Amino acid sequence: MLEKSGLAELVETAKRACYAASDIFSEPGCNKVVSLKHDLKSEADRKADEAIELALRETGIPILSEESKRARDIVEDTRIWIVDPLDGTVNFESNIPMYCVSIGFWENRQPVFGVVYDCVSGEMYSGGRNFPTNCVDTHCVPSIISKPEEAILATGFPSGGDFDSESLSAFVKRIQRFRKIRLLGSAALSLAWVARGRLDGYREEGIYLWDIAAGVSLVLGAGGSVVMEDLDWKTMTLTVSAAGSKNLLRAISGKK
Ligand code: IPD
Ligand code: CA
């Protein structure tokens, strides 16, 4: 386990990497789409990935990133960065102001801390299991709402998921008990907003690890709860439920 001072240094390095990536997003032409369908990619994704790699290189810690396939075999490493250079790519492409940079730090396959930078509002979130989650200089406090019928649940359709009628009706069945549903298009920011109490809970099935690797730490660091299920280190997908309140988490995840 890393010393607290060592950890604090890594958090600062991750923040610098977020700023470097975010600078890319204002460059002309970087929202040019290079692939389509549900999983959209742009020049921005690739260039931001390079900027993050450069900023994190000094730590010597291997990087698993959505954009670079090179590190898919490093998950055996004790410590890894898990990076999504641009979470909310479709929002970014469409000028919907909700996208972020997400950098998680994991040790022994468990989340340690996360840094999520909201590129539009300029809000920087950081936090983890053993230190409080902050947004800029303010400590994040999650929601205490415990009943689904009073709760706002954020969710999403994973880019690799099925859109057939059966999958969609199972999805609707799962979410119809909640007061309101939000599909915000950025898993990392959805989790950051659970951490700070803007949303009461989050659930997504078949989500990629890099989408949630930082956000789960933010929820834990704020005192909220997280359940990660079926994490497959080959496909890098899992199901994640998160909430401020333990009771709500039970309702979201279906776990006792
Ligand atoms: C997507 C977002 C979205 C989630 C999708 C992800 P991307 O990531 O996190 O909220 O529903 O499953 O793929 O493609 O914008 O990096
Ligand atoms: Ca993503």
Next on the checklist: Can you tell me, using C-alpha contacts under 8 Å and at least 6 residues apart, the relative contact order of the range 217-256 as a whole percent?
Outcome noted: 35 percent
Item to check | the chain, relative contact order [Cα under 8 Å, separation at least 6], % | outcome: 17 percent
Checklist entry - If you average the sequence gap of Cα pairs under 8 Å that are 6 or more apart and divide by the length of the range 72-209, what percent do you get for the contact order? => result 23 percent
Checklist entry - Binning every alpha carbon pair distance of the range 134-220 at 10 Å from zero, what are the percents per bin? => result 17, 46, 30, 6, 1
Item to check | Additional length obtainable on full extension of the chain from Phe171 to Glu50, 0.36 nm per residue less Cα span | outcome: 40.0 nm
Checklist entry - Which of the aspartates and glutamates could a cross-linker bridge to Lys173, judged by Cα under 16 Å and excluding same-chain residues fewer than eight apart? => result Glu149, Asp162, Asp164, Glu204, Glu205
Next on the checklist: Using helices alone, I'd like the mean residue ellipticity at 222 nm for the chain: each DSSP H run of four-plus residues gives -39500 (n - 2.57), total over residue count, nearest 500.
Outcome noted: -9000 deg cm²/dmol
Checklist entry - How many Å² of accessible area per residue for the range 74-121, probe 1.4 Å? => result 32 Å²
Checklist entry - With every protein chain present, what is the per residue accessible area of the range 161-209 (1.4 Å probe, Å²)? => result 51 Å²
Checklist outcome for this item: Pseudo-spin-label distance Ser94 to Asp230, built 7 Å along Cα→Cβ, given in nm, is 2.6 nm
Checklist entry - How do the peptides 46-59, 237-250 rank, highest first, by the average count of neighbouring beta carbon atoms within 10 Å per residue? => result 237-250, 46-59
Next on the checklist: With +1 assigned to the C-beta of every Lys and Arg and -1 to the C-beta of every Asp and Glu, and no other charges, what is the dipole magnitude of the range 101-237 about the Cα centre in debye, to the nearest 20?
Outcome noted: 360 debye
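The values are calculated or read from the model by the stated rules, or taken from the named source; none is laboratory data. Treat the numbers as computed from the prediction; the structure is a model and nothing was measured. Please note: Cβ atoms are built from the backbone with ideal geometry, for glycine as well, and neighbour counts cover all protein chains shown. Ligands, DNA and RNA are excluded from the accessible area calculation, which covers all protein heavy atoms including side chains. Shrake-Rupley method; radii C 1.70, N 1.55, O 1.52, S 1.80 Å.
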